[in-house]
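Everything below concerns the one structure shown next.
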Amino acid sequence: MNTVDIVPVSPTNLDTSQNIQHKHWHVWKAADRLEKDGLASCLPTKDTEDLIQQVVSILHQWGETWAGEKEWQGLLNKSSLLHEIEESIVALHSLIQWMNKSQDIDNEPITVVDVCCGKGVFSMLASYIFQDDSRIHQIVMLDKATIKWNHVEAANALASAERRPRIELWYNCNLHEVDDVVNRLEGLQTHLALVGIHLCKTLSPTCVGIANAIGSSRCPFLCLAPCCLPRAVISQANKYKKKGNPIIEVLQYESPQQREKRFNANQRRKFAMNRGQPSECYLCQSVDHPINKCGLLPTNEKERIEILYNAATCWKCGERGHNKANCPSKQTTGKPSSAKPPVVRMNVSKVLNSQKPFDTYCEVLTETLQRDHVRLVETGLVNDKTQHQYNHTNWNRGRKSIYIIATQ
């Protein structure tokens, strides 16, 4: 079985004056801090020491190669770079452990998906960590925002020569549009390893739902670090304010046949709600004209009438080929019901009553995961800023330290 070989990376030789000039960039500070203190966490040092040293070498390579270049400032001079590097090391540590133990990926490369990736610190590190590792097919970065990822494109230009996995960029990818995201991920045709670091509010339950919806056979690995408590939890704090719903719905697995049936049912509902007017021409599938204006209609009047009749959509059931007056459906409603995907209802009403609300929330969230092995990892990476220290109103205390690891 393949293992990740830890090989120090030699920095690129650049002009010495340029290196000195940009030694104030955070990439150097992060490298020096990691090299001096290691990972300030409770993870086993023995398991992470070699990985940390490899990350330090990579940071030096980045600094020597790109420090001072404008398109790299947003990544290499981020004030939060050290924290994001530490968080990425935890995720990489879990991913590597799973890869080294898993029998499922020996013969089929996997795609690593960086969910709500931001600047892509995790993805960039993964691309360099998995150099010459045939088990990784590619890395996908997805985010709803339109982010400047020029640094990723620059790194991709060297990926082939350096024998690293390329990073595919998915701009404007809204995680809450679950069906679109699931379909797109399934279209990658590989096993998937999902990694979500600091997913805010309901993005964490949504990410869990996406992993569930894809299924454990296609998505056998999930590493998730929730960022903060959703509004449904916090709304329980003030009894004098209007309370939110203490229930969060998390998607469960749905077979391809069940999903297709749901899509078809919702398409019929859409046709019915549009009073029988489909969004595209029945004959040529164009959205520019209705069927009665289509140039493909035959000139023979009898044939035209038959086609127009078959194309008509019932305003009641949404099926084609008859009108509402002749509808054979036995449904009691005036329009087809909306088809919903399977969900589990996560009750978060008692989360704030616990001594450690964020820990309790993460525990409740793990119960919705459809995986054989699910565990909470306390990393010890607690944010040392004053606003994140313990007090009776700080429900998100410890939000940097807990990771959910789920495997098949």
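Points worth noting:
- When the C-alpha to C-alpha distance is required to be over 27 Å, the pairs from K261/K302; K119/K201; K36/K101; K101/K148 that qualify are K261/K302; K36/K101; K101/K148.
- Net charge of the neighbourhood of R184, taken over other residues with C-beta under 15 Å away and scored Lys/Arg +1, Asp/Glu -1, is -4.
- Using C-alpha pairs below 8 Å separated by at least 6 residues, the relative contact order for the stretch 282-359 is 15 percent.
- Förster radius 60 Å - calculated FRET efficiency between S354 and E319, Cβ distance, rounded to 0.05: 0.75
- Annotation for the stretch 31-125: GluC sites (Glu not before Pro) lying in DSSP loop with at most 16 further Cβ atoms inside 10 Å of their Cβ are E69.
- With the simple spin-label model, which puts each label point 7 Å out from Cα in the Cβ direction, the K23 to R184 separation comes to 4.4 nm.
- Inter-label distance for E367 and H176, nm, one decimal - labels placed 7 Å from Cα along Cα-to-Cβ: 2.6
- ³J(HN,Hα) computed for each position of the stretch 359-372 - Karplus, 6.51 cos²θ - 1.76 cosθ + 1.60, integer Hz, glycine/proline x: 4, 5, 4, 4, 5, 5, 5, 4, 5, 8, 7, 8, 9, 5
- Length gained when the stretch N292-E168 is fully extended (0.36 nm per residue, less Cα-Cα span): 40.4 nm
- For the stretch 173-238, the Cβ-based charge dipole about the Cα centre amounts to some 200 debye (Lys, Arg positive; Asp, Glu negative; other atoms uncharged).
- Phi angles of the stretch 198-206 translate, via the Karplus equation with coefficients 6.51, -1.76, 1.60 and θ = phi - 60°, into HN-Hα couplings of 6, 7, 7, 6, 7, 5, 5, x, 5 Hz per residue; Gly and Pro are given as x.
- C-alpha center-to-center spacing [the stretch 130-188, the stretch 29-75] in angstrom: 22
- Proximal charge balance of V140 [Cβ under 13 Å; K/R count +1, D/E count -1]: -2
- Projecting the Cα atoms of N107, L125, H137 onto the charge dipole of the stretch 18-168, computed from C-beta unit charges around the Cα centre, puts L125 farthest toward the positive end.
- Inter-probe distance in nm under a simple model that places probes 7 Å from Cα toward Cβ, at I147 and C200: 1.3
- Per-residue ³J(HN,Hα) for the stretch 53-64, Karplus 6.51 cos²θ - 1.76 cosθ + 1.60, θ = phi - 60°, Hz, x for Gly and Pro: 5, 5, 5, 4, 4, 5, 4, 5, 5, 4, x, 5
Every number in this text was worked out from the coordinates using simple rules, so none of it is lab data. Bear in mind that the values here come from a model prediction, so they are computed numbers and not experimental data. Here Cβ is always computed from backbone atoms with ideal geometry, including for glycine, and neighbour counts include all displayed protein chains.
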